[in-house]
C-alpha cells in the first residue's frame with residue numbers, strides 16, 4: 001500500500017501508515033479494501049472493503065485528536081456499510097469514542113501502525129438491505145477494476161466515462 005501514488009496523494013504519512021496496517025489486518029481476515037472510495041452521497045470513505053460473505057466495511061481514519069473531535073460528517077457513512085470502524089494510530093487518545101456523540105453502539109475501533117492493526121472494539125453489524133449491499137459491492141468492484149486498468153494503461157482512463 002505504501003507505494004501507491006493514490007494513497008500518497010490522499011493520506012498524510014500517518015494516515016497512510018494506519019491504512020496500510022488496517023489493510024494487512026483485513027487481508028488476513030479475507031476483507032479486501034480500497035482507499036478513498038467515493039460514495040453516492042458525495043462523501044469519500046477512507047477505506048471501503050468487502051468481506052468473504054459480501055458484507056461492506058467502511059473505515060474512517062483519524063490521526064489527530066482535533067480532526068476526530070471535529071468530524072461531524074461520519075454518520076453519513078453508515079448508510080453505505082454493514083460495519084463501520086474508526087481507524088486510529090496507537091498514540092491517539094481514543095477515550096472520546098466511548099461518548100454518545102460517537103455512537104459506540106454502531107462503531108468499532110481499530111488501532112494500527114504501518115505494520116499491523118488490532119480491533120480494540122468490534123463493530124456491531126447493522127446489515128444493509130440486500131439491494132443496497134449489491135449496489136455498493138458492484139460500485140466498489142467497478143472502482144477497483146477501473147483503478148487497476150488505468151494504473152496499467154493511463155491512456156484508457158477517460159474511456160467509458162459516459163457509460164458510468
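Values quoted throughout were computed directly from the atomic coordinates according to the rules given, and no laboratory measurement underlies them. Since we're looking at a predicted model, the values are computed, not measured. Virtual Cβ from ideal backbone geometry, glycine too; neighbours counted across all protein chains shown.
Pairing residues of the range 52-79 that are in contact (Cβ under 8 Å) with a residue 12 or more places away in the chain and on the phi > 0 side of the Ramachandran plot with residues that are part of a helix (DSSP H, G or I) and loosely packed, with under 12 Cβ neighbours inside 10 Å, at Cβ distances under 6 Å and at least 6 apart in sequence or on separate chains, gives no pairs at all. Annotation: of all residues in the range 68-103 being crowded, with 16+ Cβ neighbours inside 10 Å and over 14 Å from the mean Cα position of the chain (by Cα), the one that is nearest to residue 13 (Cα to Cα) is 89.
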